[in-house]
1. Return the only residue of 27, 65 being more than 19 Å from residue 9 (Cα to Cα) and of a type in the set (Lys, Arg).
2. Return yes or no: is residue 119 modelled with pLDDT under 95, in a helix (DSSP H, G or I) and buried (at least 17 other Cβ atoms within 10 Å of the Cβ)?
3. Based on what the data block shows, is residue 81 within 23 Å of residue 21 (Cβ to Cβ), modelled with pLDDT of 95 or more and touching a Gly at 6+ places or on another chain (Cβ under 8 Å)?
4. What are the pairs, 6+ residues apart or on separate chains, where a residue within region 77-99 that is of a type outside the set (Ser, Thr, Tyr) has its Cβ under 7 Å from a residue that is assigned to a loop (DSSP other than H, G, I, E, B)?
5. Look through region 13-29, keep the residues that are in contact with a helix residue (DSSP H, G or I) (Cβ under 9 Å, 6 or more places away or on another chain) and charged (D, E, K, R), and return whichever of them is nearest to residue 106 (Cα to Cα).
6. Among the residues of region 1-19, what is the count of those that are in contact with a Ser or Thr (Cβ under 7 Å, 6 or more places away or on another chain) and in a loop (DSSP other than H, G, I, E, B)?
7. Within the group 107, 74, which residue is more than 23 Å from residue 22 (Cα to Cα), in contact with a Leu (Cβ under 9 Å, 6 or more places away or on another chain) and touching a residue at least 12 places away in the same chain (Cβ under 8 Å)?
8. Being surrounded by fewer than 15 Cβ atoms within 10 Å (Cβ to Cβ) and assigned to a helix (DSSP H, G or I) is the filter here, so list the residues in region 56-76 that pass it.
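The values are calculated or read from the model by the stated rules, or taken from the named source; none is laboratory data. Treat the numbers as computed from the prediction; the structure is a model and nothing was measured. Here Cβ is always computed from backbone atoms with ideal geometry, including for glycine, and neighbour counts include all displayed protein chains.
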Amino acid sequence: SLPAMAEEVAGMLAGSLFAAVTTHRDRYLALFELLFEARRRPALAAALAGLQQDATRFTAGLHARLGLPIPASAVPILIALYEGALFTLLLTTPPEHVSEEAAQALAHAIVHGALPDWTRAASNEPVG
């Protein structure tokens, strides 16, 4: 069911977000630093644009392998919302103050924003 899948996706996103902000914090800070530097260096911007396209394809493929019927059009939205949440947590919250509950709340907001039909189905609102 869509509500169950929404919970599954939110759980996966929450785990990923929490790990990115804590365990892999330096990796993601470095990535955002590269993105900022790419604004000044066109060659770097071009290389990173290719990586973004690869990440979008990889994410869509992962959803397909997991049997999640996430529309391809929703993948860039999921990525943008995830990256926004990650950026905010990295810059505003020390790692020792990031909680799994906060990551879960953000993950639910990401799913709600990127997959509104799924969350409407969970609340019995008309879908479509």
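1. Details: 65 fails: more than 19 Å from residue 9 (Cα to Cα).
Being more than 19 Å from residue 9 (Cα to Cα) and of a type in the set (Lys, Arg) holds for just one of 27, 65, which is 27.
2. Values: modelled with pLDDT under 95: yes; in a helix (DSSP H, G or I): yes; buried (at least 17 other Cβ atoms within 10 Å of the Cβ): yes.
Considered against the rule, which asks whether it is modelled with pLDDT under 95, in a helix (DSSP H, G or I) and buried (at least 17 other Cβ atoms within 10 Å of the Cβ), residue 119 comes out as yes.
3. On the way: within 23 Å of residue 21 (Cβ to Cβ): yes; modelled with pLDDT of 95 or more: yes; touching a Gly at 6+ places or on another chain (Cβ under 8 Å): yes.
Taking the combined requirement at face value, the residue satisfies it.
4. Partner pairs satisfying both residue conditions: 89/98; 95/22; 98/22.
5. Here the answer is 25.
6. Taking region 1-19 as the starting set, the residues that turn out to be in contact with a Ser or Thr (Cβ under 7 Å, 6 or more places away or on another chain) are 6.
Filter once more, keeping what is in a loop (DSSP other than H, G, I, E, B): none.
The total comes to 0.
7. Working: 107 fails: more than 23 Å from residue 22 (Cα to Cα).
Going through 107, 74 in turn, just one is more than 23 Å from residue 22 (Cα to Cα), in contact with a Leu (Cβ under 9 Å, 6 or more places away or on another chain) and touching a residue at least 12 places away in the same chain (Cβ under 8 Å): 74.
8. Answer for region 56-76, where residues must be surrounded by fewer than 15 Cβ atoms within 10 Å (Cβ to Cβ) and assigned to a helix (DSSP H, G or I): 57, 58, 61, 62, 64, 65, 72, 73.
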